Amino acid sequence: MLFTITGKHIEITEAIKRHAEDKTSKLPKYYGGINQVEVIIDGEPGGNISVEIIARGEHSRLFVVNETDQDAYRCIDTAVRKLERQLRRKKGKERDNKTLR
């Protein structure tokens with residue numbers, strides 16, 4: 001799985017990078033077709049931090065989540081939870097469609 005992290009208006013520390021990589025490395029467990037994950041961390045005026053995670057899967061499947069908070073770690077955790085929910089829902093729908101045929 002290809003992992004990229006980008007920082008806009010913020011310095012990406014090694015700890016943040018490691019935390020984001022650890023959290024997103026578990027995503028293929030929920031949907032096996034994930035082959036690329038991109039994390040974009042944007043420092044906004046006023047101290048807010050915005051995190052966007054883009055997961056690309058096979059057959060041009062695209063999953064995107066956004067989260068804004070004061071703490072980068074909390075943003076990453078919440079965004080990954082949202083993405084896990086999306087992936088579980090998609091896999092469930094695909095599994096249900098196969099049983100109906």
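Over the chain, the alpha carbon radius of gyration divided by the compact-protein estimate 2.2 N^0.38 Å works out to 1.15. Placing a label point 7 Å from the Cα of K93 along the Cα-to-Cβ direction, the residues of region 12-49 with a backbone N closer than 15 Å are 31.
Pairs from the list K8/K90; K26/K82; K8/K91; K8/K29; K23/K98; K17/K93 with a Cα-Cα gap above 23 Å: K8/K90; K8/K91; K8/K29; K23/K98; K17/K93. If you take the Cα centroid of region 48-101 and the Cα centroid of region 1-22, the two points sit 17 Å apart.
When only C-alpha pairs under 8 Å and at least 6 residues apart count, what is the relative contact order of region 2-100, in percent?
Once divided by the residue count of region 2-100, the mean separation gives 25 percent.
For the listed peptides 38-48, 72-82, a ranking on the average number of other beta carbons within 10 Å per residue, highest first, reads 72-82, 38-48.
Where a number appears in this text, it was derived from the coordinates with a stated rule and is not lab data. Remember, it's a predicted structure, so these values are computed and weren't measured experimentally. With ideal geometry, Cβ positions are generated from the backbone for all residues, glycine too; neighbour counts draw on all protein chains shown.
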